[in-house]
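Let me begin by presenting the structure, written as structure tokens, before commenting on it.
The values are calculated or read from the model by the stated rules, or taken from the named source; none is laboratory data. Treat the numbers as computed from the prediction; the structure is a model and nothing was measured. Glycine gets a Cβ as well: all are built from the backbone with ideal geometry, and neighbour counts include every protein chain shown. To get the accessible areas, we keep the full protein, side chains included, count just its heavy atoms, and leave off ligands, DNA and RNA. Shrake-Rupley method; radii C 1.70, N 1.55, O 1.52, S 1.80 Å.
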Amino acid sequence: MAREKGKGFTPGRAKNLVGIAKVLAPTLIPVMAPVAARAAALLGDRYDRYRASRLGVPVDQLTRYSGRGAGLHARIVGFSEALDQLRETEPTYVEGTEKRLSQLLAAVRASERMPAPRRRAAHRAVSTDLDAMEADLLKRLGV
């Protein structure tokens, strides 16, 4: 098969394209900069919304949860908020549970500075405790 004349990317064409880019760049950069900035802001906003939905928190509270334990931190805070429904009917349960939640939160925060294998083990232990506590809470709420 013979190559058609005028097709393909040759050194001559590359040189022409570089020349065109040099002429157009000064006029395109001021036009494209605001567009690029808007696109970057939009992508940042969408990524924040994605992270917030994964953690189950509103976007405006996303900055409260960071690091590798962000999901566990969000679970602990959500669990603590759910305890408010039982505060009047079961105050001793709520008090004991809040104490345990503060211990778990401290463990999650401390695990951020641990080596990866230890951090993962700590996160698994916290998650297991939270699973059991959530099951107990749901039973007490009648769900």
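Structure summary
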| quantity | calculated |
| --- | --- |
| Total residues in region 85-105, condition open to solvent by 60 Å² or more (accessible area, probe 1.4 Å) and assigned to a helix (DSSP H, G or I) | 9 |
| Any hit, region 40-47, residues being open to solvent by less than 80 Å² (accessible area, probe 1.4 Å) and closer than 30 Å to Ser111 by Cα | yes |
| Some residue of region 60-74 being in a loop (DSSP other than H, G, I, E, B), acidic (Asp, Glu) and under 19 Å from the mean Cα position of the chain (by Cα) | no |
| All positions within region 119-133 that are under 20 Å from the mean Cα position of the chain (by Cα), surrounded by fewer than 18 Cβ atoms within 10 Å (Cβ to Cβ) and more than 17 Å from Val77 (Cα to Cα) | Arg120, Arg124 |
| Residue pairs meeting the criteria (Cβ under 9 Å; at least 6 apart or on separate chains; first within 12 Å of Arg140 (Cβ to Cβ), in region 78-90; second aliphatic (A, V, I, L, M) and surrounded by fewer than 13 Cβ atoms within 10 Å (Cβ to Cβ)) | Ala82/Leu141; Gln85/Leu141; Leu86/Leu141 |
| Some residue of region 46-68 being in contact (Cβ under 8 Å) with a residue 24 or more places away in the chain, in contact with an Asp or Glu (Cβ under 6 Å, 6 or more places away or on another chain), under 30 Å from Leu137 (Cα atoms) and of a type outside the set (S, T, N, Q) | yes |
